[in-house]
Amino acid sequence: MRDVPYQRPAVLDAILADAARTGFAMSCEERTGSLLATLAASKPGGRFLELGTGVGAGAAWLTSGMGSMARLTTVEVDQEVQAVARRHLGGDPRIEFVHSDADAWLTAQEPGERYDLAYVDCRPGKYLRLPDLLALLRPGALYVVDDMLPQATWPEDHQPRVDGFLERLPEVPNWRATPMSWSSGLVVAARI
Ligand SMILES: C[S@@+](CC[C@H](N)C(=O)[O-])C[C@H]1O[C@@H](n2cnc3c(N)ncnc32)[C@H](O)[C@@H]1O
């Protein structure tokens, strides 16, 4: 079995070329991206959230699966990095780019279950403030994190953070999670 994606977003190569040029090495793996596109396609008209836009690879995958009525909010603290994503994906009216620390963004949110899928790719919403992120998800919404397996870009002290996160997952109330030792290491969970 060759588990390579059957389809790739047309814009992806240009995004990855800019990532290479600017030295950004944290874009999602293609298998993860393909899964994100599939999950996005399962929620026509859904509201999607990405914390940590990076240069836009994840957003390219998500939007490639999203229907025309679906919407993606993607939040990034580094304006320069997000500018690459805006350059490539800014013409897509389904995407709202937010330049903010995800921690501050979470604090600013009105209470309410409104997202159908969250792809959390930075510390807030994953290692920090998981309950605040989960409170924004509708019942049946999906939660996806990657990079659960060791990555070359990790700081030295990161492994215990990941280990603690994985250990706490079974105790999270109202969700059904599956850890996957596949691609960069994923957790896919559904809000109950
Ligand atoms: C792994 S990369 C994102 C890759 C992207 N999601 C993708 O799939 O291609 C993580 C990104 O999160 C951003 N980031 C780190 N801490 C953040 C924070 N507290 N709030 C928002 N973004 C943050 C980093 O600048 C970086 O661009």
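Quick one: compute the contact order of region 12-191, relative version, from alpha carbon pairs under 8 angstrom and 6+ residues apart, as a percent.
After rounding, I find 19 percent.
If you take the square roots of the eigenvalues of the alpha-carbon gyration tensor of region 98-192 and sort them as a ≥ b ≥ c, do you get rounded (a/c under 1.5), prolate (a/b over b/c) or oblate?
Numbers: a/c = 1.89, a/b = 1.29, b/c = 1.47.
Oblate, because a/c is 1.5 or more while a/b does not exceed b/c.
Nearest 5 is fine: what % of DSSP beta bridges in the chain come out antiparallel, could you say?
Here the antiparallel bridges make up roughly 35 percent for the chain.
Tell me, in nm to one decimal, what length is gained between Gln79 and Ala104 on full extension, where the rule is 0.36 nm per residue of separation less the Cα-Cα distance?
Working: separation 25, 0.36 × 25 = 9.00 nm, distance 1.50 nm.
Contour length minus Cα-Cα distance gives 7.5 nm.
Would you give the gap between the C-alpha center of region 96-137 and the C-alpha center of region 4-18, rounded to a whole Å?
Their Cα centres are 26 Å away from one another.
Obtain the nm distance between the two label points defined at Arg21 and Ala177 by a simple spin-label model: each point lies 7 Å from its Cα along the Cα-to-C-beta direction.
That separation, rounded to one decimal, is 3.9 nm.
May I ask you to derive the FRET efficiency for Val4 and Glu96 from their Cβ-Cβ distance with R0 = 25 Å, giving the value to the nearest 0.05? Spell out each step's value before the answer.
Numbers: r = 31 Å, r/R0 = 1.23.
Efficiency computed from Cβ-Cβ geometry: 0.25.
Amide H neighbours of Gly185 under 5 Å, counting only residues 5+ apart in sequence or on other chains, H built in-plane at 1.01 Å?
Residues meeting the criterion, in which the H sits 1.01 Å from N, are Asp147, Met148, Leu149.
Name the residue from Leu169, Met148, Pro111 whose Cα lies farthest towards the positive end of the charge dipole of the chain, charges +1 on Cβ of Lys and Arg and -1 on Cβ of Asp and Glu.
Pro111
Which of Met1, Met69, Met148 has the fewest other C-beta atoms within 10 Å, and how do the rest follow up to the most?
Ranked by crowding around the Cβ, least crowded first: Met1, Met69, Met148.
From Cα coordinates alone, what are the radius of gyration and Dmax values for the chain in angstrom?
Cα only, the chain: 15.5, 45 Å (Rg, Dmax).
Rank the residues Lys43, Lys126 as a footprinting-exposure proxy: fewest other Cβ atoms within 10 Å of their Cβ go first.
Numbers: Lys43 19, Lys126 24.
The order, fewest Cβ neighbours first, is Lys43, Lys126.
For every helix of n ≥ 4 consecutive DSSP H residues, a contribution of -39,500 (n - 2.57) applies; sum these over the chain, divide by its total residues, and give [θ] at 222 nm rounded to the nearest 500 deg cm²/dmol.
Taking each H run of at least 4 residues, the total per residue is -9500 deg cm²/dmol.
How would you classify region 23-99 from its alpha-carbon gyration tensor, with a ≥ b ≥ c the square roots of the eigenvalues: rounded for a/c under 1.5, else prolate if a/b is greater than b/c, otherwise oblate?
oblate
Treat each spin label as a single point 7 Å out from the Cα along the C-beta direction, and report the Arg87 to Ala14 distance in nm.
1.1
Excluding Ser34 itself, what net charge comes from residues whose Cβ is under 11 Å from its Cβ, given Lys and Arg +1 and Asp and Glu -1?
Its environment carries a net charge of -1.
Given charges of +1 on the Cβ of Lys and Arg and -1 on the Cβ of Asp and Glu, with all other atoms neutral, how large is the dipole of region 12-191 about its Cα centre, in debye to the nearest 20?
Computed charge dipole of region 12-191: roughly 620 debye.
Rank the residues Asp116, Asp146 as a footprinting-exposure proxy: fewest other Cβ atoms within 10 Å of their Cβ go first.
The fewest-first ordering by Cβ neighbours comes to Asp116, Asp146.
Every number in this text was worked out from the coordinates using simple rules, so none of it is lab data. Fair warning: this is a prediction, and the values are worked out from it, not measured in the lab. With ideal geometry, Cβ positions are generated from the backbone for all residues, glycine too; neighbour counts draw on all protein chains shown.
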